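Okay, here's the structure, questions in a sec.
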Amino acid sequence: MSKQLGSGVLRLLSGQRIVDALFESHPRRMSRAGIARATGLSKPTVSALVADMESAGLVRIAHDSPKSGSIGRPAALYELVPMVRHSVVADIGATKMLVGITDLVGNLVIEREIETGPDAQTALERLIGTSTEMLRGVDGPCSGVSIGVPGIYRRDRDRVEQALNLPGFDGLALHAFLAEHMVGRIHIENDVNLAALGELTQMSAEQPEGDFAAVSVGTGIGMGMVVGGDLYRGGTGSAGELGSLLLSLPASGEVPVTLEDVASAPSIRKLFGRAIEDGRHSRLDPGADVPEIFEAVSEGDDAARSVLNEVAGAMALAVSHLCLIADPKRVVFGGGVGSNPVFVDAVRQRLYRLVDSPPGLAASTLGRRAALVGAASMSLRSMRESLVAEILGEQQR
């Protein structure tokens with residue numbers, strides 16, 4: 001009995017090595033000989049396991065495999081079957097929600113934007129209804145759910161905290177609720193952390209960026225840190241609350257000023273209105289939105305320039321503190337404010353005055369989809385970990 005058990009475990013471990021090699025190779029196909037070289041497994045072991053995986057629908061012979069008639073015996077090329085598994089991914093925002101369906105290799109095969117609704121309960125009900133409908137349009141079972149939430153998710157308590165822009169998370173056991181209504185493994189993560197994973201996915205494998213930070217600047221300010229290719233969440237899961245950083249120590253009785261009080265979108269609009277009240281010249285209306293304000297800087301708008309100077313200076317100070325503590329190689333700015341090149345250039349100029357060896361600064365190219373792409377990446381990791389045990393394990397029973 002124990003010998004059979006040991007043989008079954010060895011089979012699963014070998015199968016995992018083969019699947020990992022196919023994932024790493026994707027979209028390139030691999031021959032059985034190539035798989036044997038990549039995994040260190042014997043050719044008979046590879047042949048037997050690949051045959052089992054092909055029978056289970058996990059791998060297939062690629063359409064562009066060499067045809068008979070070639071000199072010598074043609075080597076069949078194998079690839080993963082993308083539709084063998086799917087996952088639901090979502091980014092729950094304060095007003096809008098992005099929902100997607102991913103395939104086995106992490107491709108987003110369907111995407112949809114819907115209204116979040118007035119509270120967390122409504123958002124989850126809409127997520128469940130929309131994803132159920134979307135799954136009807138794909139072949140293959142759903143293996144899990146990965147969602148981003150606008151707050152700190154406490155796994156030990158199954159609660160979302162500090163979701164200031166979306167009420168209703170208090171008292172809501174999020175994982176338990178989703179597990180009751182959805183199929184597969186449930187993964188819940190802070191939305192900015194997922195955006196960091198999205199940026200990691202976007203970076204070229206040929207040009208690794210090392211440890212980096214993704215800073216989202218919009219209605220609020222948050223940060224996700226990637227260290228060694230994985231998210232860094234901190235001791236209690238609260239790492240990355242950059243918007244709460246104090247810009248200076250307040251005198252007794254004064255209200256402390258945080259980075260979010262200066263550099264978030266609502267704060268920028270207030271600063272601009274105040275600059276005009278103080279006599280700064282501008283062609284814009286005092287209620288102008290952030291993109292208009294930043295665009296006006298290049299036109300010599302006095303009020304817009306003064307606001308950008310203050311905002312960029314505050315962010316550069318925050319990033320300089322981040323450099324002293326974490327020393328990231330790169331900082332990617334996202335969100336409605338952060339992804340604006342005018343903002344990033346202004347922060348870069350001021351950061352050079354504060355740090356001897358500043359990190360590279362860049363605006364996100366993923367935009368609003370960063371967290372959704374990160375959720376797809378998390379889903380892909382989960383499927384890689386569980387896929388072989390699910391499929392080959394079923395064959396062993």
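The values are calculated or read from the model by the stated rules, or taken from the named source; none is laboratory data. All values reported here derive from a predicted model rather than from experimental measurement. Every residue, glycine as well, gets a Cβ built from its backbone with ideal geometry; the counts of neighbours run over all protein chains shown. Note: areas computed on protein heavy atoms with side chains; ligands, DNA, RNA excluded. Shrake-Rupley method; radii C 1.70, N 1.55, O 1.52, S 1.80 Å.
If you count, for each residue, the other Cβ atoms within 10 Å and average over each peptide, how do 50-58, 245-253, 195-203, 299-307 line up from highest to lowest?
Values: 50-58: 17.2, 245-253: 9.8, 195-203: 23.6, 299-307: 19.9.
Averaged packing, sorted descending, gives the order 195-203, 299-307, 50-58, 245-253.
In nm, what is the difference between 0.36 nm times the number of residues separating SER47 and THR132 and their Cα-Cα distance?
Details: separation 85, 0.36 × 85 = 30.60 nm, distance 3.77 nm.
This chain segment gains 26.8 nm when fully extended.
Do the sum for the chain: with -39,500 (n - 2.57) for every DSSP H run of n ≥ 4, divided by all residues, what is the mean residue ellipticity at 222 nm, to the nearest 500 deg cm²/dmol? Could the numbers behind the result be given before it?
Values: 13 runs with 174 residues, N = 397.
-14000 deg cm²/dmol, from helical runs alone.
Roughly what angle does helix 341-351 make with the longest principal axis of the chain, taking Cα atoms, 0 to 90 degrees, to the nearest 10?
For 341-351 against the chain, the angle is about 70 degrees.
Right, here's the next one. Could you check how much of the accessible area of the chain is carbon and sulfur, as a whole percent, using a 1.4 Å probe? Write down the numbers at each step before the final one.
Values: 9930 of 19320 Å².
Carbon and sulfur atoms account for 51 percent of the accessible area of the chain.
Something else: How many Å² of accessible area per residue for the chain, probe 1.4 Å? Write down the numbers at each step before the final one.
Details: 19320 Å² over 397 residues.
Per-residue value: 49 Å².
Please report the spacing between the Cα centers of the range 25-49 and the range 256-308 in Å, no decimals.
The range 25-49 and the range 256-308 have Cα centres separated by 59 Å.
What is the Cα centroid distance between the range 213-235 and the range 78-143, reported in whole angstrom?
23
Right, here's the next one. Against the longest alpha carbon principal axis of the chain, how many degrees, from 0 to 90 and to the nearest 10, is the axis of helix 302-326 turned?
With both axes taken from Cα atoms, the answer is about 50 degrees.
What ranking do 32-45, 139-152 get when scored by the average of other Cβ atoms within 10 Å per residue, highest first?
Numbers: 32-45: 16.0, 139-152: 21.5.
Top of the packing list down: 139-152, 32-45.
If you plug each phi of the range 188-202 into the Karplus form 6.51 cos²θ - 1.76 cosθ + 1.60 with θ = phi - 60°, what whole-Hz ³J(HN,Hα) values come out, in order, with x for Gly and Pro?
10, 8, 4, 5, 6, 4, 5, 4, 5, 5, x, 5, 4, 4, 6
Let me ask another. ³J(HN,Hα) across the range 328-340 via Karplus (A = 6.51, B = -1.76, C = 1.60, θ = phi - 60°), whole Hz, x for Gly/Pro?
Each residue of the range 328-340 in turn: x, 7, 8, 10, 9, 9, x, x, x, 8, x, 7, 6 Hz.
Moving on. Taking every DSSP beta bridge with both residues inside the chain, roughly what % is antiparallel (nearest 5)?
Details: 31 of 52 bridges.
Looking only at bridges with both residues in the chain, the antiparallel portion is about 60 percent.
In sequence order, what are the phi-derived ³J(HN,Hα) couplings for the range 373-390 according to the Karplus relation 6.51 cos²θ - 1.76 cosθ + 1.60 with θ = phi - 60°, rounded to whole Hz, with x for glycine and proline?
In residue order, the calculated couplings are 5, x, 5, 5, 5, 5, 4, 4, 4, 5, 5, 4, 6, 9, 4, 5, 4, 5 Hz.
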